[in-house]
């Protein structure tokens, strides 16, 4: 939500110590990694779609999760603020972590304020928004202008935890905002915050969103959003033609609404109008920028075009649209006699951690007609009941065919389908569809994935193990890749990257030996599983060849996999989202002495990997 000032402090003061005791009871396993896997960013769901702690969607009836229901003071805090609550979380930043600079331009945040109540924090935590900066004190209550570029920097070695709640507001909430103070702008004389002490009430009354995405956006709502964005555009000679074409598009949408309303019969016409308008924008408005430095075309897509109609065969709203479509999907036959009706030869990139798979994934995801969930699937897979590491006794991330029960197969396929979108952010329409997935832990799950997705194909990404080992050491030392920070029985640096079979034998070992064992175990299992696949199910990419000539390597892979590639590819690839330090020739040599000590013990697997990569590419 755009505000007139960067920050507003609401006149409420909560007991941060009581809140901290409540959330400490959840345990570390309750925390999820950030959907984009930003280092040191974790979250815990309090209010989620349908009350499902593993549902990250903005759409659907928002309801309390079990975590919130066991937290009476958290519920009292939300009740006192008095708003209608949307998606609500606890957000954690580990020591020295940060929320990178960004602005929120999508549909959900256009009309929602984001409320922050710091629970665990230090004076060194900096919250920067536009030209403003504050340190939010423990138990205070704040909102800020999400439309401006903002970031958070945790300058302490200790973790920072905030209650972060999204709301469309309410009359009572509006009164609090009007009575708030605006640091650096306006502080009312005699301003003070009401102290809200715990009452002990078990379940305070709360109001929740039930409707949040349109089945078909009304012309009045669409006009309001688009007018807002056009008023935010920096001066540009192309702005007037954009306004003229937009006016014609809005008139066409008004006519369609008058003819069809939310009747599913109108969806093809609505979709055609949207596609024509978006294609014109891409060709004629790409240079227009908003005052917050975001792109007008991107903002229009995220705020309006991608949510203007629900992808469904009947009028409904939010997750109901998606779930009604998903529920009618037949499950694949596992006897091999029929093609998978939903997932057409889904492709999984597999490798040891830190082998460059993110860069390959982000590049291939730009192919036309390809769908991804836009992130790694750690929480999606491990959040499926029966697949979490704690449920499996923290044995490892290994999953074989025995784990692929019919119930889990159906649940996992549905969870993936609910999150898929193409390179333009659009949900899939026709099926079967092509899916691309990349998650390092999947290197230990090939038999399981091949059972869940009967037509699965795998890309083995091979990289010089010296480079990989060096990057793995960096990942452990950075603290940004901690997957199981409180692994039972583990000592030393918190466990990072995937959890391999036999990890308990590594307790007390030096970091280079731990990393070498991770690489060796992962690669050995990975290659053995790939060797067992039927012919034609495995493809190989070499990281060095990919960097040397990205266009040639992508063209080769797309040809083998049947992907449609329609975009030029620069010779210099951008950094991937999980880069710790920028790549450089022979960067691994900063750890050369450590790596040379462990390489001899890896020779058998090193030779296997080279033979496998050479043989597969020769076929």
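Numbers below:
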read-out: Candidates 427, 418, 475 - the one that is farther than 23 Å from residue 561 by Cα, surrounded by fewer than 21 Cβ atoms within 10 Å (Cβ to Cβ), in contact (Cβ under 8 Å) with a residue 60 or more places away in the chain and touching a strand residue (DSSP E or B) at 6+ places or on another chain (Cβ under 7 Å); value: 475
read-out: Residue within region 402-409 that is in a loop (DSSP other than H, G, I, E, B), under 23 Å from residue 529 (Cβ atoms) and at pLDDT below 90 present; value: yes
read-out: Of the criteria (1) touching a residue at least 12 places away in the same chain (Cβ under 8 Å); (2) in a helix (DSSP H, G or I), which one residue 3 fails; value: (2)
read-out: Filter pass, residue 235 being assigned to a loop (DSSP other than H, G, I, E, B) and over 27 Å from residue 99 (Cβ atoms); value: yes
read-out: Residues located in region 172-221, provided they are touching a helix residue (DSSP H, G or I) at 6+ places or on another chain (Cβ under 6 Å) and within 30 Å of residue 271 (Cβ to Cβ); value: 212, 213, 219
read-out: For residue 205: the one exception among (1) modelled with pLDDT under 95; (2) surrounded by 12 or more Cβ atoms within 10 Å (Cβ to Cβ); (3) at negative phi; (4) not in a strand (DSSP E or B); value: (2)
read-out: Some residue of region 486-499 being crowded, with 23+ Cβ neighbours inside 10 Å, within 25 Å of residue 370 (Cα to Cα) and in contact with a strand residue (DSSP E or B) (Cβ under 7 Å, 6 or more places away or on another chain); value: no
read-out: Filter result (more than 13 Å from residue 393 (Cα to Cα) and more than 27 Å from the chain's Cα centre (by Cα)) within region 478-493; value: 490, 491, 492
read-out: Test: residue 585 is part of a helix (DSSP H, G or I), at pLDDT 55 or above and in the same structural domain as residue 535 (by TED's automatic domain parsing); value: no
read-out: Residue within region 426-449 that is over 30 Å from residue 275 (Cα atoms) and assigned to a loop (DSSP other than H, G, I, E, B) present; value: yes
read-out: Selection status of residue 509, surrounded by 13 or more Cβ atoms within 10 Å (Cβ to Cβ), modelled with pLDDT under 90 and not in a strand (DSSP E or B); value: no
read-out: Residue count, region 256-300 (criterion: in contact with a strand residue (DSSP E or B) (Cβ under 8 Å, 6 or more places away or on another chain) and in contact (Cβ under 8 Å) with a residue 60 or more places away in the chain); value: 3
read-out: Residue among 390, 355, 470 that alone is surrounded by fewer than 19 Cβ atoms within 10 Å (Cβ to Cβ), touching a helix residue (DSSP H, G or I) at 6+ places or on another chain (Cβ under 7 Å) and under 21 Å from residue 482 (Cβ atoms); value: 390
read-out: Flag if residue 115 is in contact (Cβ under 8 Å) with a residue 40 or more places away in the chain and more than 18 Å from the chain's Cα centre (by Cα); value: yes
read-out: Filter pass, residue 564 being exposed (fewer than 13 other Cβ atoms within 10 Å of the Cβ), touching a residue at least 60 places away in the same chain (Cβ under 8 Å) and over 22 Å from residue 401 (Cα atoms); value: yes
read-out: Subset of region 293-326 [modelled with pLDDT under 85, surrounded by 21 or more Cβ atoms within 10 Å (Cβ to Cβ) and not in a loop (DSSP other than H, G, I, E, B)]; value: 318, 319, 321, 322, 325
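The values are calculated or read from the model by the stated rules, or taken from the named source; none is laboratory data. All values reported here derive from a predicted model rather than from experimental measurement. Virtual Cβ from ideal backbone geometry, glycine too; neighbours counted across all protein chains shown.
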